[in-house]
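Report on the structure given below.
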Amino acid sequence: MAAKPPNPQFTFHLEFLYACNPGNKSNVNHTFLLESGRWTLEGSWLERNSSPIPVKGKTIIGWARNDWFTMVTKLTFPGTQRAETTLSYKGRLDFDDHRFTFVLQHSDLGKIEGEGWFGLESIVQRYWVVDDRQMRTGFQTFYMQDANCYHYTSGAIVGSFLDSTMEAVMTRHRNQE
């Protein structure tokens with residue numbers, strides 16, 4: 001059972017959201033990240049002072065125990081000189097099932113730490129690069145369209161400036177029986 005938030009305004013806000021969406025008091029409707037599986041990603045990548053370029057990717061999510069997950073993502077940039085990017089996550093679902101923390105090894109940025117929240121229709125993550133003089137941080141949002149499709153947006157920030165963004169559609173792939 002989830003712990004009650006200490007802030008009465010926050011409690012009111014959650015009760016209002018749940019009243020607008022009866023029966024959805026937890027993240028059980030999310031399939032991305034909460035279920036093992038394979039996802040593909042297709043969209044565009046935009047860097048400061050550049051035109052958007054295509055991006056494609058594959059993500060594999062696994063659960064070793066009830067509250068620990070792994071996620072590996074490989075991004076490619078077809079038709080460009082940009083090298084592929086790999087991201088290897090290990091994370092833990094918090095006690096209330098609405099939050100999680102993670103560590104990430106990023107092929108371009110190195111060691112990253114972050115946190116995420118499960119909303120009623122979205123998953124929001126923020127991260128920061130560990131021991132980074134450039135003070136790089138970022139965010140990611142996965143907005144659920146249905147159980148097999150999420151719209152994804154992300155932004156990377158260097159110091160106080162937006163450095164790059166990505167937007168894509170993520171599609172879950174079911175095992176063929």
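The values are calculated or read from the model by the stated rules, or taken from the named source; none is laboratory data. None of the values given here were measured: they were computed from a predicted structure. Because the Cβ atoms are built from the backbone with ideal geometry, glycine has one as well, and the counts that use them run over all protein chains shown. Each accessible area value is taken on the protein alone, full model and side chains, heavy atoms only, with ligands, DNA and RNA left out. Shrake-Rupley method; radii C 1.70, N 1.55, O 1.52, S 1.80 Å.
A few remarks follow.
- Stretchable slack from Asp131 to Leu162, in nm (0.36 nm times residue separation minus alpha-carbon distance): 9.2 nm
- Average accessible surface area per residue within region 30-177, 1.4 Å rolling probe, Å²: 58
- Residues with amide H under 5 Å from that of Asp163, placed H, sequence gap 5 or more: Ala156, Ile157, Val158
- Summing charges over all other residues whose Cβ lies under 12 Å from the Cβ of Thr165, with Lys and Arg as +1 and Asp and Glu as -1, gives -2.
- Estimated distance in nm for a label pair at Thr40 and Trp117, the labels positioned 7 Å out from Cα along Cα-to-Cβ: 3.4
- Counting every C-alpha pair in region 116-177, the share spaced more than 15 angstrom apart comes to 58%.
- Taking each residue as 0.36 nm, the span from Val169 to Cys149 lengthens on full extension beyond its C-alpha to C-alpha distance by 6.5 nm.
- Table column - 3J(HN,Hα) (Hz), region 158-163, Karplus curve with 6.51, -1.76, 1.60, x for Gly and Pro: 10, x, 10, 10, 5, 9
- Pairwise label distance in nanometres, Lys56 with Val103, each label 7 Å out on the Cα-Cβ vector: 3.4
- Percent carbon-and-sulfur accessible area, region 70-177, ignoring ligands, DNA and RNA, probe 1.4 Å: 51
- Prolate/oblate/rounded label for region 70-177 (Cα gyration tensor, a/c 1.5): oblate
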